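Here's the structure, in structure tokens; my notes come after.
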Amino acid sequence: MPASREPVAVIGTGYVGLVTAAGFAELGSEVWCVDIDEAKVAALERGEIPIFEPGLSELVDKNRSRLHFSTELAPALDHAGLLFVAVGTPPTYSGDADLSAVHAVVDAMPASDRHALVMKSTVPVGTGAAIQRAFGEQDKAGFRYVSCPEFLREGTAVQDFLHPDRVVVGDEGDWAGDAVVELYAPLQAPLVRTDIRSAEMVKLASNAFLATKISFVNEIANVCEETGADVTEVARGMGLDPRIGPRFLGPGLGYSGSCLPKDVSGLKQLAGNTGYHFQLLTAVIEVNELQKRRVIGKLERHLGGSLVGKTVALLGLSFKPDTDDMREAASLVLAARLQAEGAAVRAYDPVAEEEARSLMPTAVFAASAIDAIHGADAVVLVTEWSEFRDLDWEAVASAMKGNLVIDGRNALDPRAVRDAGLQYEGVGRR
């Protein structure tokens with residue numbers, strides 16, 4: 001990698017912003033990071049990483065001399081022409097994206113013909129046009145705009161930045177788009193350079209399609225449970241078709257996290273705002289919500305019809321392994337439903353406990369998987385952390401009061417569980 005390159009700025013130091021900043025620093029750029037959270041900026045200046053993401057702490061530490069953190073925008077404007085925007089755009093009650101943080105960034109920009117906003121945050125189609133209109137109304141017409149959606153997956157975000165499967169750049173064919181393309185050139189990824197609206201749609205459409213695959217295979221899994229077929233074999237056979245592919249064909253408790261639920265709902269709402277009813281995504285969302293609740297029915301069926309007075313252990317709380325992110329996590333729905341049915345919830349996660357405590361205040365948190373399992377009538381695998389695959393099932397059987405193990409991610413070895421004298425039930429598996 002080159003020793004130095006064009007300096008850049010990153011506004012927002014959450015999952016996307018911090019990984020993006022560290023990635024560009026790794027490529028040789030001086031990076032000015034801006035965030036309104038003074039405590040977070042102070043922690044980053046001390047070398048403390050506020051999120052759990054494999055490899056991120058090491059990457060930040062390696063490139064510390066190139067990373068500059070501040071709550072002030074002026075240093076970023078002084079040093080960098082490209083300002084990557086990575087602020088939150090959470091869903092509102094209506095399902096639309098909350099763009100208040102984006103608008104705050106736009107309003108904070110000075111008049112300039114040497115700066116460009118590069119949008120990393122996921123925004124509705126048409127946001128770029130609205131920002132360009134705002135620049136014109138604020139006498140900032142010289143400020144350029146580029147859409148460059150992110151495709152980072154929590155748990156593998158560092159590798160995703162350094163080895164992307166594509167880079168999407170939406171612009172008006174000016175210097176700003178050229179500069180963003182040049183910035184990503186060392187990664188040698190396939191480039192999709194297009195107009196701004198199409199670039200904005202690429203991100204939403206991609207996540208909506210992935211969510212559709214997940215909901216589809218969950219529907220197939222549910223039918224397999226009724227017909228005696230094994231969804232793992234069905235998915236294996238489907239995935240060998242190159243038109244389908246094996247990824248995102250893992251049945252389980254549905255999709256969750258910070259991206260898929262928000263982007264699916266956002267695209268559905270975007271379509272509705274134009275007068276188009278996106279029927280497919282309506283079904284995708286409905287299937288996903290029902291999938292999380294099917295576990296309750298399985299527990300009731302095996303535990304005598306009522307969960308009152310039962311103890312259920314939840315293994316894994318974060319929405320996926322290798323992250324501490326609890327946004328839209330299936331564990332939140334399960335814990336709430338179990339407690340509503342009169343069950344006690346014991347929970348364990350190797351990383352996400354601190355975040356989970358504020359979201360699951362009535363659950364009992366355990367120091368280990370075996371501690372969570374002790375005295376439980378049933379165990380539900382919610383997040384497929386690798387340590388759960390390697391559990392001593394004889395020890396699990398001895399620690400439990402009951403004998404039911406529900407594998408919500410089809411991540412366990414059914415034979416090993418059953419050989420320990422436990423009752424195994426997966427999702428769509430014989």
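Remarks
- The listed residue being of a type outside the set (S, T, N, Q) and farther than 30 Å from Val351 by Cβ, out of Val158, Val146, Val217, Val231: Val146
- Every residue from segment 68-86 that is part of a loop (DSSP other than H, G, I, E, B) and under 26 Å from the mean Cα position of the chain (by Cα): Thr71, Ala86
- When residues of segment 343-376 are limited to those that are exposed (fewer than 15 other Cβ atoms within 10 Å of the Cβ) and either in contact (Cβ under 8 Å) with a residue 40 or more places away in the chain or of a type in the set (S, T, N, Q) (or both), the one farthest from Glu394 (Cα to Cα): Ser358
- From Glu341, Glu387, Glu355, Glu394, residue being modelled with pLDDT under 95 and farther than 23 Å from Val231 by Cβ: Glu355
- Qualifying residue in segment 31-38 (condition: among the hydrophobic types (A, V, I, L, M, F, W, C), at pLDDT 95 or above and surrounded by fewer than 20 Cβ atoms within 10 Å (Cβ to Cβ)): yes
- Of the candidates Val125, Val217, Val202, Val118, the single residue that is touching a residue at least 40 places away in the same chain (Cβ under 8 Å), part of a helix (DSSP H, G or I) and not acidic (Asp, Glu) is Val202.
- Qualifying residue in segment 386-404 (condition: within 15 Å of Leu317 (Cβ to Cβ), in contact (Cβ under 8 Å) with a residue 12 or more places away in the chain and either part of a loop (DSSP other than H, G, I, E, B) or out of contact with any helix residue (DSSP H, G or I) (no Cβ under 8 Å at 6 or more places or on another chain) (or both)): no
For (1) aliphatic (A, V, I, L, M); (2) modelled with pLDDT under 95; (3) surrounded by fewer than 17 Cβ atoms within 10 Å (Cβ to Cβ); (4) in contact with a Phe, Trp or Tyr (Cβ under 6 Å, 6 or more places away or on another chain), each residue gets a yes or a no:
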site: Asp171; (1), (2), (3), (4): no, no, no, no
site: Ala179; (1), (2), (3), (4): yes, no, no, no
site: Glu182; (1), (2), (3), (4): no, no, yes, no
site: Ala185; (1), (2), (3), (4): yes, no, yes, no
site: Ala189; (1), (2), (3), (4): yes, no, yes, no
site: Asn207; (1), (2), (3), (4): no, no, no, no
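- Test: residue in segment 1-16 that is surrounded by 22 or more Cβ atoms within 10 Å (Cβ to Cβ), small (Gly, Ala, Ser) and not in a loop (DSSP other than H, G, I, E, B): yes
- Residues satisfying the stated conditions in segment 327-342, i.e. in contact with a helix residue (DSSP H, G or I) (Cβ under 9 Å, 6 or more places away or on another chain), surrounded by fewer than 24 Cβ atoms within 10 Å (Cβ to Cβ) and part of a loop (DSSP other than H, G, I, E, B): Arg327, Glu328, Glu341
- Among residues of segment 133-169, those that are surrounded by fewer than 19 Cβ atoms within 10 Å (Cβ to Cβ), of a type in the set (S, T, N, Q) and not in a loop (DSSP other than H, G, I, E, B), counted: 1
The values are calculated or read from the model by the stated rules, or taken from the named source; none is laboratory data. What you see is a predicted model; the values in this text were computed from it and never measured. Neighbour counts run over all protein chains shown; Cβ positions are idealised from the backbone, glycine included.
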